[in-house]
Amino acid sequence: MPAPTFDAHRNLAVSSIAVAPSPATSGTSITVGSGEGARFPAVPFNATIGQPAALLTPLNAEIVRVTAVSGDVFTITRAQEGTAARSIAVGDLIGATITSKVITDIEGAFTGVARTDLPNVYTQAQTIQAAGAPSLYFSDTAQVPNSRVFQLADYSQTFLIQAMNDALSAVISTPLALTRAGDAQIWRDVYEKQRTTPLGHWITVPFNASNFAGAGSMVWTVTAGQVAFNAYTLIGKTMIWQLGIAGSSLSGTAATSLLLTIPGGLNSSGGFGQGTTFVRFYDGSTWKVAYAGLYGPTQISVMIIDGSSMTLNSGSTYLYFTLPLML
């Protein structure tokens, strides 16, 4: 809302009527004592005119509004603030006194104004405007010193969320910066979908022998020391899984695939990110071509596709892949 406006005021702004208005009950020009027009505040202001040495009452006093002053000559509007025009005479006193308008102007200025001691509800858009870096500060006084204040700032075409010291003189960090081009710059990690690991960070998969199995009668034995690396990262609904196994062993009747449990207790219902995922597979004597495919929602199957031998044989095995999965 616009800033409230008030009439100007001045102490001891009083004089006597040297020239009365004509007609006395409706004229709009009066002259005060010589040189005493300078006692009064800047126009416009309300003044009380009444009989000297008398207790002012509605019968012997009138409030007028002074709209112009030229030296000692005042232009007035009659019968203000519910008073009645009276016969103004030479010798009457005029004073820029406190009237009800002064009080109601002050009271009205608080209508629709934000309070510092109560919650506020804004029904119109609010604007914080300044040349440089218009800012809004939030301070949690329950926190330890210099860990209380966050700033929202519009600075050099960038909207900033910043941690400040208590004196607002230093930026501790800028957790978020948004540019007008649409870029978002994050100070540190991003957590999405209520996950406890930040976006893009690797999560190590604890060893569990039951996560590795051979198809059919093929037994695939993997020990913790044979897992060179087993970790995944999540970005939205995409998992990127890296697995490396060196020196595990196969036994039993020849089969064409190995089964691996998808890590993190997650299910894949959308398949792979892009086409067929190829796997490096070594059967103890020859590196062969393999690929990974879904085997139900919780497992993938690594299958040999080598033209000369599509079977897995007993012996040492090595397996390496980086696999994108759609969850």
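The values are calculated or read from the model by the stated rules, or taken from the named source; none is laboratory data. Keep in mind it's a predicted model, so treat the numbers as computed, not measured. As a convention, Cβ positions derive from the backbone with ideal geometry for all residues, glycine included, and neighbour counts pool all protein chains shown.
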Checklist line | Every residue from the stretch 213-243 that is within 17 Å of residue 304 (Cα to Cα) and not hydrophobic (A, V, I, L, M, F, W, C) | finding: 214, 216, 217
Next item on the list: Mind listing whichever residues of the stretch 188-223 are within 13 Å of residue 264 (Cβ to Cβ), without any contact (Cβ under 8 Å) to a residue 12 or more places away in the chain and β-branched (Val, Ile, Thr)?
Entry: 196
Next item on the list: Would you check which residues across the stretch 13-54 are more than 16 Å from residue 72 (Cα to Cα) and either part of a helix (DSSP H, G or I) or of a type in the set (A, V, I, L, M, F, W, C) (or both) and list them?
Entry: 24, 53, 54
Check: Could we say that residue 139 is at pLDDT below 95, more than 30 Å from residue 311 (Cβ to Cβ) and either out of contact with any Pro (no Cβ under 8 Å at 6 or more places or on another chain) or surrounded by 15 or more Cβ atoms within 10 Å (Cβ to Cβ) (or both) here?
Finding: no
Next item on the list: Please determine, by comparing only the residues of the stretch 256-284 that are part of a strand (DSSP E or B) and at pLDDT below 80, which one is farthest from residue 316 (Cα to Cα).
Entry: 272
Next item on the list: Return the total of residues in the stretch 172-187 being in contact (Cβ under 8 Å) with a residue 12 or more places away in the chain and over 16 Å from the mean Cα position of the chain (by Cα).
Entry: 1
Checklist line | Near pairs, Cβ below 6 angstrom, 6+ apart or cross-chain, from the stretch 94-110 (within 12 Å of residue 7 (Cβ to Cβ) and at pLDDT 95 or above) to any residue that is among the small types (Gly, Ala, Ser) and outside any helix (DSSP H, G or I) | finding: 96/13; 96/47
Next item on the list: Collect the residues in the stretch 206-242 that are surrounded by 14 or more Cβ atoms within 10 Å (Cβ to Cβ), at pLDDT 95 or above, of a type in the set (A, V, I, L, M) and closer than 24 Å to residue 313 by Cα, keeping them in residue-number order.
Entry: 222, 227, 228
Checklist line | Matching residues, the stretch 3-60, being buried (at least 17 other Cβ atoms within 10 Å of the Cβ) and closer than 30 Å to residue 127 by Cβ | finding: 7
Item checked: Total residues in the stretch 178-205, condition in contact with a helix residue (DSSP H, G or I) (Cβ under 9 Å, 6 or more places away or on another chain) and in a loop (DSSP other than H, G, I, E, B) -> 1
Checklist line | Test for residue 200: is it touching a strand residue (DSSP E or B) at 6+ places or on another chain (Cβ under 9 Å) and within 30 Å of residue 229 (Cβ to Cβ) | finding: yes
Note to self: With surrounded by fewer than 13 Cβ atoms within 10 Å (Cβ to Cβ), over 26 Å from residue 286 (Cα atoms), of a type in the set (D, E, K, R) and at pLDDT 95 or above as the only criterion, which of 166, 183, 154 stands out?
What the structure shows: 183
Notebook entry, point to check: Looking at the stretch 177-196, is at least one residue under 17 Å from residue 295 (Cα atoms) and not small (Gly, Ala, Ser)?
Noted result: no
